[in-house]
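Undergrad: Please see the structure below; I have some questions.
The values are calculated or read from the model by the stated rules, or taken from the named source; none is laboratory data. Keep in mind it's a predicted model, so treat the numbers as computed, not measured. Neighbour counts run over all protein chains shown; Cβ positions are idealised from the backbone, glycine included. These area figures cover heavy atoms from the full protein model, side chains too; ligands, DNA and RNA do not enter into them. Shrake-Rupley method; radii C 1.70, N 1.55, O 1.52, S 1.80 Å.
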Amino acid sequence: MAAHPDAHRQVRPVAAQTTYALRQQILRPHQSIAEVGFPGDDDPETGHFAAFAGADADAGTGAGEPIGVVTVLHQPPPLARIADPDRWWRLRGMATVERHRRGGVGSALVDAALAHVAAHDGTGVWCHARLPAVEFYRRHGFVESGDPWDEPGLGPHVAMWRRIPRPPPP
Ligand SMILES: CC(C)(COP(=O)(O)OP(=O)(O)OC[C@H]1O[C@@H](n2cnc3c(N)ncnc32)[C@H](O)[C@@H]1OP(=O)(O)O)[C@@H](O)C(=O)NCCC(=O)NCCS
């Protein structure tokens, strides 16, 4: 059986600006590139990750066209009864180029974002999930919280969250 075209793939940390083209094209086509920044994008703690395939996977930092992007920001969750809100992070701007979907790109990006949170001693991650992406997040251990709502210009969303497992004691 032939290998999946994205089998040769690399996820690496990138500058915020590297995520903006896919954020704009896939998630916010009604906005301009200048409008797709998130508050906190430039915080030194914020993690931005992009996936690259084929030759771009070997191109090294700063080169290539991303096939998927995600951002994770240190932000307390809008969830009730959280004991440690200052140790929670928000996943945002999750997108895979359409022709590369269902090949594990999104999963590799979520894994990179969760590893970033764990490395910063985070205990939980939350997001505002678009309803068509809920199953994707469930597959990554997220659960829904509360009722869906319509985000003007973006469609129906629901809050989702998951905890980060603590590493076992040495
Ligand atoms: C959601 C999204 C990022 C998933 O990216 P992806 O690269 O296709 O993700 P993966 O290939 O790693 O998917 C992993 C698993 O999630 C599930 N999944 C992914 N997309 C799904 C969908 N549209 N519907 C149901 N399940 C889905 C599947 O179980 C999939 O595994 P499988 O195909 O082997 O069964 C991508 O569909 C996308 O960019 N959508 C448009 C933008 C968007 O909605 N982003 C989320 C904003 S909150």
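Undergrad: Within the range 5-26, track down each residue that is surrounded by fewer than 14 Cβ atoms within 10 Å (Cβ to Cβ) and either at pLDDT 95 or above or of a type outside the set (A, V, I, L, M) (or both). Quick ask: steps written out before the conclusion?
TA: So in the range 5-26, the residues surrounded by fewer than 14 Cβ atoms within 10 Å (Cβ to Cβ) come out as 5, 7, 13, 15, 17.
Across the range 5-26, the qualifying residues are 5, 13, 15, 17.
Undergrad: Can you pull out the residues in the range 68-88 that are closer than 20 Å to residue 27 by Cβ, modelled with pLDDT of 95 or more and not aliphatic (A, V, I, L, M)? Working first, answer last.
TA: Our first condition is that a residue be closer than 20 Å to residue 27 by Cβ; within the range 68-88, this holds for 68-73, 75, 78.
Next, from what is left, pick out any that are modelled with pLDDT of 95 or more: 68-73, 75.
If the condition is that a residue be closer than 20 Å to residue 27 by Cβ, modelled with pLDDT of 95 or more and not aliphatic (A, V, I, L, M), then 68, 71, 75 are the ones that fit.
Undergrad: Does residue 92 count as at pLDDT 95 or above and under 22 Å from residue 155 (Cβ atoms)? It would help to see each step written out before you state the result.
TA: On the way: at pLDDT 95 or above: yes; under 22 Å from residue 155 (Cβ atoms): yes.
Here the answer is yes, as residue 92 does meet what is asked.
Undergrad: Do the conditions hold for residue 11, that is, is it under 20 Å from residue 130 (Cβ atoms), within 16 Å of the chain's Cα centre (by Cα) and hydrophobic (A, V, I, L, M, F, W, C)?
TA: Numbers: under 20 Å from residue 130 (Cβ atoms): no; within 16 Å of the chain's Cα centre (by Cα): yes; hydrophobic (A, V, I, L, M, F, W, C): yes.
Here the answer is no, as residue 11 does not meet what is asked.
Undergrad: Given the conditions (1) in contact (Cβ under 8 Å) with a residue 40 or more places away in the chain; (2) closer than 23 Å to residue 31 by Cα; (3) of a type outside the set (D, E, K, R); (4) open to solvent by 50 Å² or more (accessible area, probe 1.4 Å), which single one is not true for residue 167?
TA: Of everything listed in (1) in contact (Cβ under 8 Å) with a residue 40 or more places away in the chain; (2) closer than 23 Å to residue 31 by Cα; (3) of a type outside the set (D, E, K, R); (4) open to solvent by 50 Å² or more (accessible area, probe 1.4 Å), residue 167 misses just condition (2).
Undergrad: Which one of these does residue 151 not meet: (1) farther than 19 Å from residue 38 by Cα; (2) open to solvent by 30 Å² or more (accessible area, probe 1.4 Å); (3) out of contact with any Asp or Glu (no Cβ under 7 Å at 6 or more places or on another chain)?
TA: Residue 151 satisfies every listed condition except (1).
Undergrad: Could you check the range 14-41 and list, in sequence order, the residues that are in contact with a helix residue (DSSP H, G or I) (Cβ under 6 Å, 6 or more places away or on another chain) and either touching a residue at least 60 places away in the same chain (Cβ under 8 Å) or more than 18 Å from residue 98 (Cα to Cα) (or both)?
TA: The initial filter retains those residues of the range 14-41 that are in contact with a helix residue (DSSP H, G or I) (Cβ under 6 Å, 6 or more places away or on another chain), namely 20, 24, 33, 36, 41.
33, 36, 41, listed by residue number.
Undergrad: For residues that are in contact with a Pro (Cβ under 9 Å, 6 or more places away or on another chain) and open to solvent by 30 Å² or more (accessible area, probe 1.4 Å), scanning just the range 154-164, find the one that is nearest to residue 103 (Cα to Cα). Steps first, answer last, please.
TA: Initially, the range 154-164 is screened for residues in contact with a Pro (Cβ under 9 Å, 6 or more places away or on another chain), giving 155-159, 161.
Within this subset, residues satisfying the condition of being open to solvent by 30 Å² or more (accessible area, probe 1.4 Å) are 156, 161.
Working: 156: 25, 161: 23 Å.
Within the range 154-164, the match that is nearest to residue 103 (Cα to Cα) is 161.
Undergrad: Take the range 27-47 and flag every residue that is in a helix (DSSP H, G or I) and either open to solvent by 50 Å² or more (accessible area, probe 1.4 Å) or modelled with pLDDT under 95 (or both). If you could, list the steps in order and put the result at the bottom.
TA: Of the residues in the range 27-47, the ones in a helix (DSSP H, G or I) are 27, 33-35.
Correct list: 33, 34, 35.
Undergrad: Restricting to the range 131-148, give me the number of residues that are surrounded by 14 or more Cβ atoms within 10 Å (Cβ to Cβ) and within 7 Å of the ligand (Cβ to nearest atom).
TA: Step one: filter the range 131-148 for residues surrounded by 14 or more Cβ atoms within 10 Å (Cβ to Cβ), giving 133-134, 136-138, 140-142, 144-145, 148.
Retained after the next criterion (residues that are within 7 Å of the ligand (Cβ to nearest atom)): 133, 136.
Number of matching residues: 2.
Undergrad: If the requirement is being farther than 16 Å from residue 19 by Cβ and among the β-branched types (Val, Ile, Thr), which of these qualifies: 67, 33, 82? Quick ask: steps written out before the conclusion?
TA: On the way: 67 fails: farther than 16 Å from residue 19 by Cβ; 33 fails: farther than 16 Å from residue 19 by Cβ.
Just one listed residue meets the conditions, 82.
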